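Have a look at the structure below, then the notes.
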There are 2 protein chains.
Amino acid sequence: MKKQQKGILVILSGFSGAGKGTIMNLLMNRYQENYALSISATTRKPREGEQEGREYFFKTREEFEKMIEKNELIEYALYVENYYGTPRAYVEKQLEAGRDVILEIEIQGARKIKAMFPDTLLLFVTPPDAGTLKERLLGRGTDEETVVLARLARACEEALGIEDYDYLVVNEVLEDCVEKVHSIIQNEHQKVNRNQEFINRIKEELKRFSEGE
Amino acid sequence: MKKQQKGILVILSGFSGAGKGTIMNLLMNRYQENYALSISATTRKPREGEQEGREYFFKTREEFEKMIEKNELIEYALYVENYYGTPRAYVEKQLEAGRDVILEIEIQGARKIKAMFPDTLLLFVTPPDAGTLKERLLGRGTDEETVVLARLARACEEALGIEDYDYLVVNEVLEDCVEKVHSIIQNEHQKVNRNQEFINRIKEELKRFSEGE
């Protein structure tokens, strides 16, 4: 049925420290023929090793604001004085070609996109419990305790939005979690409302046959 | 998360000849610890080899009508002068114990149950196209062509109800189809609305941690 179908727009959100980035990378490596990773546009300066069109499309503030004006972004946000956004053209091209596009964005962006594209599939990645999240954040070792506390406070806020999501994916064993995400997205292709063409076709065929054709 | 969750009530419907029975049997054999098969009550006489409580609970018409009166059936229907129905007590007991209960019933029954239990998951099994269905029906060799035509006419009517279902499962390769059904049901356990307890718990934990506890 895949060929007749448009791709699915998938949003992956989750607490900082829940493992979203790792899940995205594994999915992309393992199932590159299924998924397209959308590349964000940003006004922040490239870091060492980052390449134009690989990590980000790097834009000046002026260019970025022109993209906003022209409605060329399906969502954007301002973090620490820099813009980040998702270019519309790439996403729409991939969906038309039948590839599922996965966006890793936070809840406000997810809500905006869901309002614009109601068929978007929303996945929320969570550790099995808050203790595990705290340990992972502390375990990074790069952040001071106050930073960890701030991230936990942010997680606390983000948790208020979980009910807007479709699926909760518990990242306890990374391998299982990646396969779970893949399986949820693949099954989504079987949803009745995504198969109207197939249904119409079989209805017509049955009608013809039952009339003795 | 499974342990905290109630089981899911699943309805498997589909065209006659789509392979529902075979799918059910394979699911039950392969994943007996996950699923409970509901056993129907009926007023039809036992056929040779059928055992009380295995194929059916055999009831007199009077007993069956008493069950209806007492609201002991979650759905029932009359076919060719015999009643068939799904006993409520068994289904509710299994769901409470966290086992998913799969019912193989047709669309009218499915609608009634969905109205009563809105969390019911509705799956519709279909062959890849109507030609395949016709071939399977003819291939049984037991039915005359007029019977096959009548079944196709019935399929035609049933197809009008497909849009009420959640998922369309195409039975092209039986093995794949069984795994697909299993995977759809298992993923359903990850739905946000089926994990409210988990969500509430992690929210509370995060709140405590972010307050520095």
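The set of residues in segment A:78-97 being farther than 19 Å from A:Leu9 by Cα, in contact (Cβ under 8 Å) with a residue 12 or more places away in the chain and surrounded by fewer than 15 Cβ atoms within 10 Å (Cβ to Cβ) consists of A:Asn82 alone. Against the numbered list (1) among the charged types (D, E, K, R); (2) at pLDDT below 95; (3) within 23 Å of A:Asp119 (Cα to Cα); (4) surrounded by 14 or more Cβ atoms within 10 Å (Cβ to Cβ), A:Glu55 comes up short only at (3).
Results for (1) in contact with a helix residue (DSSP H, G or I) (Cβ under 6 Å, 6 or more places away or on another chain); (2) among the polar types (S, T, N, Q); (3) free of Cβ contacts under 8 Å to residues at least 40 places away in the same chain; (4) buried (at least 16 other Cβ atoms within 10 Å of the Cβ), shown as yes or no for each residue.
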| position | (1), (2), (3), (4) |
| --- | --- |
| B:Asn171 | yes, yes, no, yes |
| B:Ile185 | no, no, no, yes |
| B:His189 | no, no, no, yes |
| B:Phe198 | no, no, no, yes |
| B:Glu211 | no, no, yes, no |
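Only one of the numbered conditions (1) facing chain B (nearest Cβ under 8 Å); (2) out of contact with any Leu (no Cβ under 6 Å at 6 or more places or on another chain) is not met by A:Glu157, and that is (1). Which of (1) within 8 Å of chain B (Cβ to nearest Cβ); (2) closer than 24 Å to B:Ser183 by Cα; (3) buried (at least 21 other Cβ atoms within 10 Å of the Cβ) is the odd one out, the single condition A:Asp100 does not satisfy? It is condition (1) that A:Asp100 fails. Counting residues in segment A:162-177 that are within 8 Å of chain B (Cβ to nearest Cβ), over 19 Å from the mean Cα position of the chain (by Cα) and at pLDDT below 95 gives zero.
Considering only segment B:46-74, how many residues are closer than 19 Å to B:Glu104 by Cβ and polar (S, T, N, Q)? Count: 1. Taking the criterion of being over 30 Å from B:Pro128 (Cβ atoms) and facing chain A (nearest Cβ under 10 Å), the residues of segment B:184-198 that qualify are B:Val192, B:Asn193, B:Arg194, B:Asn195, B:Gln196, B:Phe198. Determine, yes or no, whether B:Ile113 is touching an Asp or Glu at 6+ places or on another chain (Cβ under 8 Å) and away from every other protein chain (no Cβ under 14 Å). Considered against the rule, which asks whether it is touching an Asp or Glu at 6+ places or on another chain (Cβ under 8 Å) and away from every other protein chain (no Cβ under 14 Å), B:Ile113 comes out as yes. Residue pairs whose Cβ atoms lie under 6 Å apart, sitting 6 or more positions apart in sequence or on different chains, and linking a residue in segment A:61-73 that is of a type in the set (D, E, K, R) and modelled with pLDDT of 95 or more to a partner that is assigned to a helix (DSSP H, G or I) and surrounded by 11 or more Cβ atoms within 10 Å (Cβ to Cβ), are A:Glu72/A:Arg88.
Right, B:Val181: more than 9 Å from chain A (Cβ to nearest Cβ) and in a strand (DSSP E or B) or not? Criteria not met by B:Val181.
Just to be sure, is B:Ala150 farther than 30 Å from A:Val181 by Cα and either crowded, with 16+ Cβ neighbours inside 10 Å or among the polar types (S, T, N, Q) (or both)? Considered against the rule, which asks whether it is farther than 30 Å from A:Val181 by Cα and either crowded, with 16+ Cβ neighbours inside 10 Å or among the polar types (S, T, N, Q) (or both), B:Ala150 comes out as no. Pairing residues of segment A:148-164 that are without any contact (Cβ under 8 Å) to a residue 24 or more places away in the chain and assigned to a helix (DSSP H, G or I) with residues that are buried (at least 20 other Cβ atoms within 10 Å of the Cβ) and hydroxyl-bearing (Ser, Thr, Tyr), at Cβ distances under 8 Å and at least 6 apart in sequence or on separate chains, gives A:Leu149/B:Ser210; A:Leu152/B:Ser210; A:Ala153/B:Ser210; A:Cys156/B:Ser210.
Within segment A:199-213, the set of residues being more than 7 Å from chain B (Cβ to nearest Cβ) and under 19 Å from A:Lys6 (Cβ atoms) comprises A:Asn200, A:Arg201. Set side by side, the residues B:Leu152, B:Leu137, B:Leu123 differ, and just one is within 13 Å of chain A (Cβ to nearest Cβ), hydrophobic (A, V, I, L, M, F, W, C) and within 19 Å of the chain's Cα centre (by Cα), which is B:Leu123.
Taking only segment A:58-71 into account, find how many residues are of a type in the set (A, V, I, L, M, F, W, C) and either surrounded by fewer than 11 Cβ atoms within 10 Å (Cβ to Cβ) or under 20 Å from A:Lys114 (Cβ atoms) (or both). Total satisfying the criteria: 1.
Taking the numbered list (1) out of contact with any helix residue (DSSP H, G or I) (no Cβ under 8 Å at 6 or more places or on another chain); (2) among the charged types (D, E, K, R); (3) within 30 Å of A:Asp129 (Cβ to Cβ) in turn, B:Arg44 passes all entries but (3).
For segment B:123-136, the criterion of being more than 11 Å from B:Phe15 (Cα to Cα), touching a residue at least 40 places away in the same chain (Cβ under 8 Å) and touching a Ser or Thr at 6+ places or on another chain (Cβ under 9 Å) is met by at least one residue.
Remark: B:Ile74 matches the filter, which requires a residue to be among the β-branched types (Val, Ile, Thr), touching a helix residue (DSSP H, G or I) at 6+ places or on another chain (Cβ under 8 Å) and either over 25 Å from B:Pro127 (Cβ atoms) or surrounded by fewer than 16 Cβ atoms within 10 Å (Cβ to Cβ) (or both).
The values are calculated or read from the model by the stated rules, or taken from the named source; none is laboratory data. Owing to the predicted nature of the structure, the values given are computational and were not obtained by experimental measurement. Every residue, glycine among them, receives a Cβ derived from its backbone with ideal geometry; neighbour counts consider all protein chains shown.
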